[in-house]
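Reviewing the structure listed below.
The values are calculated or read from the model by the stated rules, or taken from the named source; none is laboratory data. Model, not experiment: these values are computed from the prediction. Heads up, the Cβs are rebuilt from the backbone with ideal geometry, glycines too, and the neighbour counts pull from every protein chain shown.
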Amino acid sequence: MPRNITQKIIAEHLISGDMTPGSEIQLRIDQTLTQDATGTMAYLEFEAIGQPRVQTELSVAYIDHNTLQTGFENADDHRFIQSCAKKRGLVFSRPGNGICHQVHLERFGIPGKTLIGSDSHTPTGGGLGMLAMGAGGLDVAVAMGGGAYCIPMPKVTLIKLTGKLEPRVSAKDVILEVLRRLSVKGGVGRVMEYGGDGVASLSVPERATISNMGAELGATTSIFPSDKITYKFLMAQGRSDDWREITADEGAEYDDVVELDLAALEPLVALPHMPDNVKPVAEIAGLPVDQVCIGSCTNSSLQDMLKVAAILKGKKIHPRVSLTVSPGSMQVYSMLAKNGALADIIAAGARVLECACGPCIGMGQSPGSGAVSLRTFNRNFEGRSGTADAGVYLVSPETAAAAAITGVVTDPRELASYEAPVLLSAAFLRNDNLLVQPEPLETADSVEILYGPNIKPFPVADALPETLRAAAVLKVGDNITTDHIMPAGAKILPYRSNIPFLSQFCFRQCDENFAENCKATGAAFVVGGTNYGQGSSREHAALVPLYLGVKAVITKSFARIHKANLINAGILPLTFADEADYDKIEQGDELEIANVRENLQNGGTLLLLNRRTGEKFPLLTDFTERQTAILLAGGLLPYTKNS
């Protein structure tokens, strides 16, 4: 039977399970990655599992999030991660080497391989033809130890591309158009597979931009073919031996098809405060702009930076605008410096930041009060920038650069002509001196793992009790993000290895008294709407509620990674059988679920009792046998250790 790309790679890595959409499958994982905001917890979990050495083909620990060091906390975490990597067999990417997804694309990604990472934008690797997925840190720790990665078999949507992008329309506009059509919930349970004649017109960095922001669709991942374009990219990286051709078979079937004519696209912008709030740039042209930030794992490639440099060359940024530029990797930074493009960027008045995530995760460069900030990033959730009332707009590098020099939102097609960038892709500069190789196995026992005082034990749930009884400490609406649950930002990220300290910030954007209320009640339920937990893969959005006594989260629907993280933590993720029952619960109501263990084990129906009204509501428990066992054990860690 003809297969699409997704089915081919899954079949090659399938350990067990049925490749019928919705059925749980277990996959062998070839590569893993972590970053430092999630990595400390992932390596604490790996240590708890007790595996002496990673079992994957390649695992890489990146430092790219918490690089702003205003105290000892981040430096201590970096030291801990580096010592773990050295002892346990991981490559360590030092601070300054670049953003994990950009560096992995350049130096490590291999077509046809499986990759999971403790960062939701790991699907960037789909630009190379990898099956690359974001996951919680504990899932990554288990995979590093040789365990399977378990997901529901996804449906596959073909995004059929035709035509070719017009000048000054970019790959960012492609994914913004997909988001405009499908919404932040449109990819849930699906892989977005790109095909059609238009694919051949897109470079690997452009494909990576599109794959990267597929995370905002809620998709399991996104993937492109591995073709001659892929080969040229890998050859330029000195890795032509890593290439293999992977294309869909003639006659391969898809669950649905979205057709997109690249030639018909125009520059687009996602308005505050959601990536699918998309309009043509022309519709808001003239809006005064206060800040422009160019970079992030979405748009920090050499190709993107050369476009920006070409627009800025010989120009001066507008007096009102603060412009920051963050190259995605040391490779990109070095090549910009060598060919003179960096000088053009600096001469225009840009503030060049280090090769790191930086402003994208609120790590510095927060805009002013009520400011308009145009960013080439992937998320514009309310408050994510570090300024609660700022308006963050997501745009392409061309649109961002145009606004930087005009001071207002500007369709880049309206700019005067500028010299097209020359892509230095025949051979990329390669300098891996910021990559640290692990200690050889025979001497690894001599390496000491270095813990800092900010690293605290992570919470572990007790085995699931027979009855859950608690107050609905919080009720929230639709599209609650992991930023709502556990914010990022320069003030909070240094404490990602300190769950007790982090707990005071949990859900603060929704209810500033959430943590105190949980502590007062001792146990808590959270009630939510649709697409609960969208956004980042950060498992802290499950571990911190666990620490605060949250026993169950009851919603209309969940985002994939967050639901998995709740199960891994030992928190019950339940959905209303009838969404209308959501309206019958008020914050503060006493809720009870009886016979939990018995019904989970025997396939019975869980009933939620509202003790205020006496009403009972049926809840859906669409757990696999494995997930049920994890929940009964009190989470993935005790389940794994006892298996």
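Some values worked out for this structure:
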read-out	value
Matching residues, the stretch 526-540, being touching a helix residue (DSSP H, G or I) at 6+ places or on another chain (Cβ under 6 Å) and either modelled with pLDDT of 95 or more or part of a helix (DSSP H, G or I) (or both)	G533
Only listed residue being in contact (Cβ under 8 Å) with a residue 12 or more places away in the chain and surrounded by fewer than 23 Cβ atoms within 10 Å (Cβ to Cβ), chosen from N513, N531	N531
Qualifying residue in the stretch 221-240 (condition: under 24 Å from A559 (Cβ atoms), outside any helix (DSSP H, G or I) and touching a Pro at 6+ places or on another chain (Cβ under 7 Å))	yes
Residue match in the stretch 423-444 (condition: in a strand (DSSP E or B) and at pLDDT 95 or above)	yes
Index of the failed condition, N339 passing every other in (1) out of contact with any Phe, Trp or Tyr (no Cβ under 6 Å at 6 or more places or on another chain); (2) buried (at least 24 other Cβ atoms within 10 Å of the Cβ); (3) in contact (Cβ under 8 Å) with a residue 40 or more places away in the chain	(2)
Some residue of the stretch 65-76 being among the aromatic types (F, W, Y), assigned by TED's automatic domain parsing to the domain that holds P154 and within 21 Å of the chain's Cα centre (by Cα)	no
Checking L260 against (1) of a type in the set (A, V, I, L, M); (2) under 23 Å from E398 (Cα atoms); (3) in the same structural domain as V191 (by TED's automatic domain parsing); (4) in a loop (DSSP other than H, G, I, E, B), the condition it does not meet	(4)
Test: residue in the stretch 453-463 that is in contact with a strand residue (DSSP E or B) (Cβ under 7 Å, 6 or more places away or on another chain) and of a type in the set (S, T, N, Q)	no
Selection status of C518, among the hydrophobic types (A, V, I, L, M, F, W, C), assigned by TED's automatic domain parsing to the domain that holds K475 and outside any helix (DSSP H, G or I)	no
Close pairs from the stretch 564-582: first crowded, with 19+ Cβ neighbours inside 10 Å, partner part of a loop (DSSP other than H, G, I, E, B) and polar (S, T, N, Q), Cβ under 7 Å, at least 6 apart	L574/T621; T575/S557
Residue within the stretch 235-257 that is assigned by TED's automatic domain parsing to the domain that holds M130 and under 24 Å from the mean Cα position of the chain (by Cα) present	no
Odd one out for M274, checked against (1) part of a loop (DSSP other than H, G, I, E, B); (2) in contact with a Cys (Cβ under 7 Å, 6 or more places away or on another chain)	(2)
Verdict on V191 being in contact with a strand residue (DSSP E or B) (Cβ under 6 Å, 6 or more places away or on another chain) and of a type outside the set (G, A, S)	yes
Yes/no for T605 being touching a Pro at 6+ places or on another chain (Cβ under 8 Å), among the polar types (S, T, N, Q) and either at pLDDT below 95 or more than 23 Å from T38 (Cα to Cα) (or both)	yes
Yes/no for G358 being buried (at least 24 other Cβ atoms within 10 Å of the Cβ), on the phi > 0 side of the Ramachandran plot and not charged (D, E, K, R)	yes
Among (1) assigned to a strand (DSSP E or B); (2) in the same structural domain as G126 (by TED's automatic domain parsing) - the single one C293 does not satisfy	(2)
Checking T387 against (1) within 24 Å of the chain's Cα centre (by Cα); (2) buried (at least 22 other Cβ atoms within 10 Å of the Cβ), the condition it does not meet	(2)
Sole residue being in contact (Cβ under 8 Å) with a residue 60 or more places away in the chain and among the hydrophobic types (A, V, I, L, M, F, W, C), chosen from I499, I485	I485
Count of residues meeting criterion [in contact (Cβ under 8 Å) with a residue 12 or more places away in the chain and among the small types (G, A, S)] in the stretch 626-643	3
Residues that are touching a residue at least 40 places away in the same chain (Cβ under 8 Å), within 33 Å of the chain's Cα centre (by Cα) and buried (at least 17 other Cβ atoms within 10 Å of the Cβ), drawn from the stretch 594-625	V596, L600, L608, L619, T621, F623
Residues of the stretch 312-336 classified as crowded, with 19+ Cβ neighbours inside 10 Å and of a type in the set (G, A, S), total	4
Any hit, the stretch 494-504, residues being over 12 Å from V544 (Cα atoms) and part of a loop (DSSP other than H, G, I, E, B)	no
Single unsatisfied condition, L474 versus (1) of a type outside the set (G, A, S); (2) at pLDDT below 95; (3) out of contact with any Pro (no Cβ under 7 Å at 6 or more places or on another chain)	(2)
